[in-house]
Structures are given as structure tokens and as C-alpha cells.
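A quick write-up on the structure given underneath.
The values are calculated or read from the model by the stated rules, or taken from the named source; none is laboratory data. Since the structure is predicted, the reported quantities are computational estimates derived from the model, not experimental observations. Here the Cβ positions follow ideal geometry from the backbone for every residue, glycine too, while neighbour counts run over all protein chains shown. Calculation scope for accessible area: heavy atoms of the full protein, side chains included, ligands and nucleic acids excluded. Shrake-Rupley method; radii C 1.70, N 1.55, O 1.52, S 1.80 Å.
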Amino acid sequence: MSELNLILLGPPGAGKGTQAGRLVEDFDLPYYATGDILRTAVKNETELGRAAKQNMDRGELVPDDVITGVIGERVDSAEARDGFILDGFPRTIPQAEALDRMLGELDRRLTAALLIDAPDEEVIRRLSGRRICVQDQHLYHLDFDPPKHDGKCDRDGSRLIQRDDDKPETIKRRLEVYHEQTHPLIDYYEQAALLRRFDGCRTQAEVHDHIRATLATLRLESEL
Ligand SMILES: [Zn+2]
């Protein structure tokens, strides 16, 4: 069976995390989300964590070579032999080129860049409706998954709050950063004929079916 070496692109709130979870189940692939990897490293105070924390404490981005090194190790690990799903990497063209180089050295290549897209106004609607409980971070959504009692967690009764990340001003800023960073990557993968687009406004099940069908076709093509 051929490998599935995938990256996920898309704005916050378009359902990337959900689709990643389904792909992990469908294809038994490891999922490497840069944000999670860094948070865990900081928490466990690993060498990477300490380096990353220094940068973050200074309000700087974690340098390309640090992130690239971490992703390189994961991609080259035994669990990623049949493929992987990257989320949050690459974020820049140099990172994308580094990934191509690392895969090339392993005699592998990217299978596809999956873009789960949604317009800004939909992203704002989805994210600004999120609420989270102060006790255990249980998630709710005012439109899609409201609590039984206003402002209270169904499971532990604790207060529901809106995270700073989910406030409209913050979402708009995140979207600006997202567009600025991601448009060059979309062009990069489009030129490499690796970009596959999915409509994040559809239901999660529809997006999932579309992604599976696309990957099945890509696998068939690569086996010819
Ligand atoms: Zn709760």
C-alpha cells in the first residue's frame, strides 16, 4: 500500500481538527500538530520546550530550524512509515521547502496538501459562538451545541466563558495572520499540483466523505 503523506491547511474553525481525527482513524496515521507538540514540549521542559519557551516569552516565533528539526524527527519515525498528517507545519515557504527536502532525503514525497476552506464571516460566526467551562474546558457552541442552562456547564455546573482566542477582534487578527501566511503556501502547493480543496462550510460528514474519496483516488493513481 502506498504512503499517505499529508498536510492540512485551512483557517481556524473550518474543521481541520475534526477531519484530522477522522483521518487518523480511517488510515491509522500519526497526527502531528505543531501547536500541540510545542505545548507538550514546554510542559515537559524538554530541550525543545526550553528553547521554544525562551522565544515565546520574548514574544517571538519559534525559529524555523527548531520547528523543522522536530517535524523532521517525527516524519522519519517508525510510526510515520506509512504516512502522517501535519497540521501547523509548514507555515512558511522555507518550511515547505525544508519539508520537501527532508522527504526527498527519505526517498518519499508529499501526497497532498488538503485545504479545508471557509470564508472569514463563517469562521467568525463559528469561533465567536464557542464557550468553554472554567473547570474542565468542556466545549459548547451557542448555535451548534448549546448548554442546557445558559452560561453553565452541563457536566460539572461550572461557569462558561469565551476564550480570548474566540473573541471577534482576536479572530479577525488571527484571520489576517492566517491569510498572510497561507496564501503563499496555497500557491506553492497549487503549482506543485498537490493542492486539494474542500468546502469547510459543508457538514463534517460531507467534508470527510470528499476527503476520503480524494485520497482513494490519489492512492490509486500512485499505484499505477
Ligand atoms: Zn465542564
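Test Lys152 against the criterion of being near the ligand (Cβ under 10 Å from one of its atoms) and over 25 Å from Gly88 (Cα atoms), and give yes or no. Working first, answer last.
Numbers: near the ligand (Cβ under 10 Å from one of its atoms): yes; over 25 Å from Gly88 (Cα atoms): yes.
Spelling it out, Lys152 is indeed near the ligand (Cβ under 10 Å from one of its atoms) and over 25 Å from Gly88 (Cα atoms).
Out of all the residues in segment 70-97, which are over 18 Å from the mean Cα position of the chain (by Cα) and small (Gly, Ala, Ser)?
The answer is Ser77, Ala78.
Picking from Ile171, Ile161, Ile132, which residue would you name as being open to solvent by less than 80 Å² (accessible area, probe 1.4 Å), in contact with a strand residue (DSSP E or B) (Cβ under 9 Å, 6 or more places away or on another chain) and farther than 28 Å from Glu25 by Cα? Give the steps one after another, and end with the answer.
Numbers: Ile171 fails: in contact with a strand residue (DSSP E or B) (Cβ under 9 Å, 6 or more places away or on another chain); Ile132 fails: farther than 28 Å from Glu25 by Cα.
One residue alone meets the criteria, Ile161.
Scan segment 145-164 and report the pairs whose first residue is closer than 11 Å to Arg130 by Cα and whose second residue is more than 12 Å from the ligand (Cβ to nearest atom) and open to solvent by 60 Å² or more (accessible area, probe 1.4 Å), with Cβ atoms within less than 8 Å and a gap of 6+ or a chain change.
These pairs meet every condition: Gln162/Arg130; Arg163/Arg130.
Name the pairs whose Cβ atoms lie under 8 Å apart, with the first residue in segment 205-218 and closer than 15 Å to Ala20 by Cβ and open to solvent by 50 Å² or more (accessible area, probe 1.4 Å), the second in a helix (DSSP H, G or I) and of a type in the set (D, E, K, R), and 6 or more positions between them or separate chains?
Arg212/Asp26
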